[in-house]
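Below you'll find the structure, written out as structure tokens, and then a few comments.
The values are calculated or read from the model by the stated rules, or taken from the named source; none is laboratory data. Here the structure is a predicted model, which is why all the values come from computation and not from measurement. Don't worry about glycine lacking a Cβ; one is built from the backbone with ideal geometry, like all the others, and counts go over all protein chains shown. To get the accessible areas, we keep the full protein, side chains included, count just its heavy atoms, and leave off ligands, DNA and RNA. Shrake-Rupley method; radii C 1.70, N 1.55, O 1.52, S 1.80 Å.
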Amino acid sequence: MEVDHHDTSGETKSAINTWRYRHHFTYKADQGKNIIVQCNLCLPRVNLLSTSKTSTSNLKKHLDRTHLGCEARPDAKRGRKKEEYNGEESRHCQLKKLKAEIISKCMTQAKIDDLIFNFIVEDCQSFYVLEQPGFRKLISGLTEGLKSMDRVTLFTKVDQGFSRMREELMSKLSSIQYVCTTADIWTANNRSFFGMTCHWIDAGSLERKSAALGFARLQGRITYDTIAGRIHDIHVAYNIESKVQTTVTDNGSPFISVFREFAVDSQESDDDIGFYENVGSVLEGEPEQDMLLFLPTVQRCASHTLEQIVTEDFWQAVSQGPMCQLHYSAMAKVFAVWSKCHHLQVGMDAAEEIGKMALVVPAVIRWNVEYCAVQKIVSLSERELTELCARLEVPRLQPEEMAFLKEYVTVFHPLAFALELFQAEQKCYLGLVIPTVLSLKNKLNEQKDAANYFGEVINSIVVAIDVRFQELFASTEAKIATATTPQFRLWWMTASEREEMCSLLATEASQMDPCSVTEANTSRNISTIESEDDFFSYGSVKPSTQIQQRGVMEEVRKYVEGTGKSLECLQDFPRVKQLFLKYNTTLPSTAPVQRLFSQKGNLVTSQRNFLTDDYFERVQLLRYNSNVCSLITE
């Protein structure tokens, strides 16, 4: 008689209840450690199975072998779910493998190393970032198992990148006819660095190109023979000593004395001799007698000259004028606002909340930065400024002080605009200086009659401009540079001076190397016959000097009478174009070399990251020259 599993003893019942398939098997007999069961799915055929009281492996094997496709199987539904899950998991694994395969083909270890190298160099990152666990996990996670290179590999790539960059740069400079260099010394964090950049104009596109040549650490006493040696060595190292037209420096006494001593055609005015007569004692060094150094002529920085005018001459004029007390009281209150916004977060938050803008705080000692900061203060309404002063707990600006600051912003806006022009790099040439200074004087004189506070100050500024730019106005090179700039031509000269300048341009153009002058419209001259003069030809017979000069003068006059302001019009005047390349290669300021010392407003000297001086220089040169030469190493 068939016995149901619910009628078994307690021990057997407990064992049966552990079976996963107990509803499809009927208990028959007890055999000690095993029991005999009947498979209900096999009915009406009797099929007795022996299985352990604590294991269902035999039952599972029976179902898999005999009833694999049966819908009545206890695990049929669960099997379908598991199969669906396994299918989804399989598709996920396939996508993951496909992604890994794509990454492995597109992102190799070498490419990862190159990208990390660019990241370190271009953003001035510390070399120690490679050893940070978070950075390593980031690279491993993004690249599916690829690793970040170590510092030893990075140092090797810096060496390779620097060698590659130097070769590419020297190859470019070898085909350039005229170059200009800028030099400056920067001291920060108890360290001094000498920087030099190189600039030229592409003969085809007439675009300004720039590169960094040096970023060396200066140790010990900084004497002017040391500075001269640095300049000379860098020029020689890049084979440009015969191509450098001028070297642009600031107006500091070290550089002026250097070029006074070693420049080939150094001619300084008598007014400067007394100012620099004690420079030897200041620099604490004398040049060696056997030192043979020859430097190009020096071009004083126009931006630095304007900075001197607006700081030294301006402050002197204000201190001696009737508005001295008003100026000091207004600026003291403005500086109090800046101080609170700079040192306290609540101050900056209050400025942004009330004025709906971020106030400029002049953290860098530059007049144009200070001017922009005053401009922001003046742009606030009287209510907003009063509320801001109350929130910051600083003295409130009186109406007369606000009127003084508003006139200050209006009067000196042309000077701030001129500084911005001089500190540009791509579209800034020596020929820009004279028209800018003349226009600046005219703009200042136009505001003199309407000024309530700065009438006398404007007079002092105009006189200072004449004195400090006197040497530039007398420079023949600066005049030719301005005359060959299509934007200005000769409009800035008087009628009596224009004929003399045309003759000077023709004389200079006739002395240009014929091999460097590419005649415009060559194909038209060869194939077109428009008159008898075009038909008759006498082979390679060269025209006489008189005829050649007549052709040069005709080209100069056509250029002068033209109206185009774009540099593209120089393509129609090949000789004038060569004069433009020669004299406008010179930059009017040292702004590019100053950018070499900073990265996104931060001094690179504070981000040395314990690198040696040699590697620090290499990294900085690679960063600056990334737009000129390729950083990726093969």
Average Cα contact separation per residue, region 310-457, under 8 Å, 6 or more apart, as relative contact order %: 25
Centroid-to-centroid separation of region 131-156 and region 205-242 [C-alpha atoms, Å]: 36
With DNA, RNA and ligands ignored, accessible area of residue 438 (1.4 Å probe; Å², nearest 10): 50
For region 161-171, Karplus couplings with θ = phi - 60° (6.51, -1.76, 1.60), whole Hz, Gly/Pro x: x, 5, 4, 5, 4, 5, 5, 5, 5, 5, 5
Flagged links, alpha-carbon separation over 31 Å, of 340/406; 209/479; 157/427; 333/427: 157/427; 333/427
Two-site FRET efficiency, residue 393 against residue 312, from Cβ-Cβ distance with R₀ of 25 Å, rounded to 0.05: 0.15
Distance histogram for region 303-466 (every C-alpha pair counted, 10 angstrom bins, percent rounded to whole numbers): 10, 37, 32, 18, 3
Residues with amide H under 5 Å from that of residue 146, placed H, sequence gap 5 or more: none
Region 303-466 - accessible surface per residue (Å², probe 1.4 Å): 48
